[in-house]
Amino acid sequence: MEAQKEYDHLVDMMTAGGEAKASKMFGMPCLKNEKGKAFAGFFQGEATFKLPPDAIQPWLKQTGAKLFDPGMGRPMKEWLQLPAEYANAWPELAREALNYVNSLAK
């Protein structure tokens, strides 16, 4: 399974309906909602998702899953980073992340 191809497929799925657009954040590829707020990304061959902390906690028990740290030495508590072995969960997590980010903007 190639992580970049899995992420590209995720981008195609999420942008097809017009509710998300491909962009960049911290110099990395990401997905943003209609208001320009990032909700998912691709960093060092792994996907990242902005989720409520209670949705992240169960994932942190999985091998390879961690809080996303874009290189500042401080993991971001609302961002989950998942390796490609969980790519089958990426679309659902991206939709959940989009809904979460949209709910914050209201």
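The values are calculated or read from the model by the stated rules, or taken from the named source; none is laboratory data. Every value quoted in this text rests on a predicted model; they were computed, and no experiment measured them. We place every Cβ from the backbone using ideal geometry, glycine too, and count neighbours over all the protein chains shown. Heads up: the accessible areas ignore ligands, DNA and RNA and are worked out on the full protein's heavy atoms, side chains in. Shrake-Rupley method; radii C 1.70, N 1.55, O 1.52, S 1.80 Å.
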Next item on the list: Could you list, in sequence order, all residues of segment 4-26 that are under 13 Å from the mean Cα position of the chain (by Cα) and within 19 Å of residue 69 (Cα to Cα)?
Entry: 7, 23, 24, 25
Note to self: Looking for something touching a helix residue (DSSP H, G or I) at 6+ places or on another chain (Cβ under 6 Å), modelled with pLDDT of 95 or more and not in a helix (DSSP H, G or I) - is there at least one such residue anywhere in segment 90-106?
What the structure shows: no
Item checked: Leading residue by the ranking (most open to solvent (accessible area, probe 1.4 Å)) among those in segment 1-34 that are under 20 Å from residue 103 (Cβ atoms) and modelled with pLDDT under 95 -> 34
Next item on the list: Can you tell me which residue within segment 86-106, out of those that are over 13 Å from residue 7 (Cα atoms) and under 10 Å from the mean Cα position of the chain (by Cα), is most open to solvent (accessible area, probe 1.4 Å)?
Entry: 95
Note to self: Can you report the number of residues in segment 50-85 which are assigned to a loop (DSSP other than H, G, I, E, B), within 13 Å of the chain's Cα centre (by Cα) and at pLDDT 95 or above?
What the structure shows: 6
Next item on the list: Report, by residue number, each residue of segment 9-35 that is assigned to a helix (DSSP H, G or I) and touching a Phe, Trp or Tyr at 6+ places or on another chain (Cβ under 7 Å).
Entry: 10
Next item on the list: May I ask you to verify whether residue 47 is of a type in the set (Gly, Ala, Ser), part of a strand (DSSP E or B) and open to solvent by less than 30 Å² (accessible area, probe 1.4 Å)?
Entry: yes
Notebook entry, point to check: In segment 50-72, which residues are touching a strand residue (DSSP E or B) at 6+ places or on another chain (Cβ under 6 Å) and either open to solvent by 40 Å² or more (accessible area, probe 1.4 Å) or closer than 22 Å to residue 21 by Cβ (or both)?
Noted result: 50, 51, 59, 66, 68
Note to self: Return the pair list, or none, for Cβ contacts closer than 9 Å from residues in segment 46-58 that are farther than 15 Å from residue 32 by Cβ to residues that are at pLDDT below 95 and part of a loop (DSSP other than H, G, I, E, B), at least 6 apart or on different chains.
What the structure shows: 53/77; 56/77
